[in-house]
1. What pairs come up if the first residue lies in the range 118-134 and is over 16 Å from residue 84 (Cβ atoms), the second is part of a helix (DSSP H, G or I), and their beta carbons are under 7 Å apart, counting only those six or more places apart or on different chains?
2. Output the residues belonging to the range 100-110 that are without any contact (Cβ under 8 Å) to a residue 12 or more places away in the chain and either part of a loop (DSSP other than H, G, I, E, B) or buried (at least 16 other Cβ atoms within 10 Å of the Cβ) (or both).
3. Name the residues in the range 141-180 that are open to solvent by less than 20 Å² (accessible area, probe 1.4 Å) and among the β-branched types (Val, Ile, Thr), would you?
4. Applying the selection to the range 82-95, what residues are open to solvent by 70 Å² or more (accessible area, probe 1.4 Å) and more than 14 Å from the chain's Cα centre (by Cα)?
5. Filter the range 125-160 down to the residues that are outside any helix (DSSP H, G or I) and within 22 Å of residue 94 (Cβ to Cβ) and list them by number.
6. Go through (1) among the polar types (S, T, N, Q); (2) part of a helix (DSSP H, G or I); (3) at pLDDT below 95 one by one and return the number of the condition residue 180 breaks.
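The values are calculated or read from the model by the stated rules, or taken from the named source; none is laboratory data. The structure displayed is predicted, hence computed values, not measured ones. Cβ coordinates were reconstructed from backbone atoms using ideal geometry, including for glycine residues, and neighbour counts include every protein chain displayed. We work out accessible area using only protein heavy atoms, side chains counted, and drop any ligands, DNA or RNA first. Shrake-Rupley method; radii C 1.70, N 1.55, O 1.52, S 1.80 Å.
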Amino acid sequence: KTYLAFAETGQKTSINTKKAIEQFKYALQNNSSLKSEDEAAWQLIKITLNADTVSLAKEKTYLETLITKYPESQYKQLWYQNLAYRLSYDSLYLKQSLSYFKVLIDGFKDSEYYSDYLFGAAQLYSNTADNGKALDYYKLVASEYPYTNSAPASLFEVAMDYESKGKFVEAEQLYKQLIQRYYYSSYAEEAELKLGAVMVRAGKYDEAIKY
C-alpha cells in the first residue's frame, strides 16, 4: 500500500496531479489490496477530485461516470454524496444538487447520514421558491432525528418560520424547547435573543421581561 499512500497524499503536498496518478497506477499493478474494479476507479477519481485545477463540471462528469458504470457498487452512496454536496456550492448546479440529495433521501433511508441529507436538501430548498419543502424537511429532522447534529439548526429554522408567519405562541414554544434541549448549542443563544421579542408580540409582557 506504500505507493497507494504516496499517491493519495500527493495531492495534499507539492506532488503534482500527474505524478500522483502515475504512482496510483503503479499501485494498481503491484497491489492486491484493491480487490475490485470499482474500488480502483474510485481511488483514482479521489486523487483527481483533490486537485485544485479540476473544474466542478469535470468532477461531476467523473462521479456520474462511476455511478453509470458501477450501478451496484458499495461506494454508490459516497458518489451520490460527493455529487450532492460538491454541486451545492455553485448556484448554477442547484437543481442538480437537489436531485442528488433526493436520490440519497429516497434510496438510503437507513444511512447514518440520513438526517444530514434531509438538512442539506432543506438548506437548498430555502434558496428556491419551494420554501415549503424546506420547512417539511426541517420539521422532519427536528421531530424524527432530535439527537443529530442537524437537529438544533432545524428546530431553529422551524421556530423562525412560525415567527415570520405571526404564529408567536408556536414560535415561543419551539424557542423554549430549543433552549432546554440544546442548551449547549449556539442556536440556544440565538433563541434566547429572539424569545423576548416573540413573547411581547404574543402579549406576554410580564414573562418577556425575564428575557
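1. Short answer, once both residue conditions are applied: 131/125.
2. The answer is 109, 110.
3. 141, 158
4. 91, 92, 95, listed by residue number.
5. 126, 127, 128, 129, 130, 150, listed by residue number.
6. Unmet for residue 180, out of (1) among the polar types (S, T, N, Q); (2) part of a helix (DSSP H, G or I); (3) at pLDDT below 95: (3).
Yes/no per residue for (1) hydrophobic (A, V, I, L, M, F, W, C); (2) in a loop (DSSP other than H, G, I, E, B); (3) within 24 Å of residue 118 (Cα to Cα):
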position: 46; (1), (2), (3): no, no, no
position: 52; (1), (2), (3): no, yes, no
position: 64; (1), (2), (3): no, no, yes
position: 73; (1), (2), (3): no, yes, yes
position: 81; (1), (2), (3): no, no, yes
position: 86; (1), (2), (3): no, no, yes
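A quick yes/no check of all residues on (1) closer than 24 Å to residue 76 by Cα; (2) more than 14 Å from the chain's Cα centre (by Cα):
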position	(1), (2)
110	yes, yes
116	yes, no
128	no, yes
131	no, yes
136	no, yes
143	no, yes
146	no, yes
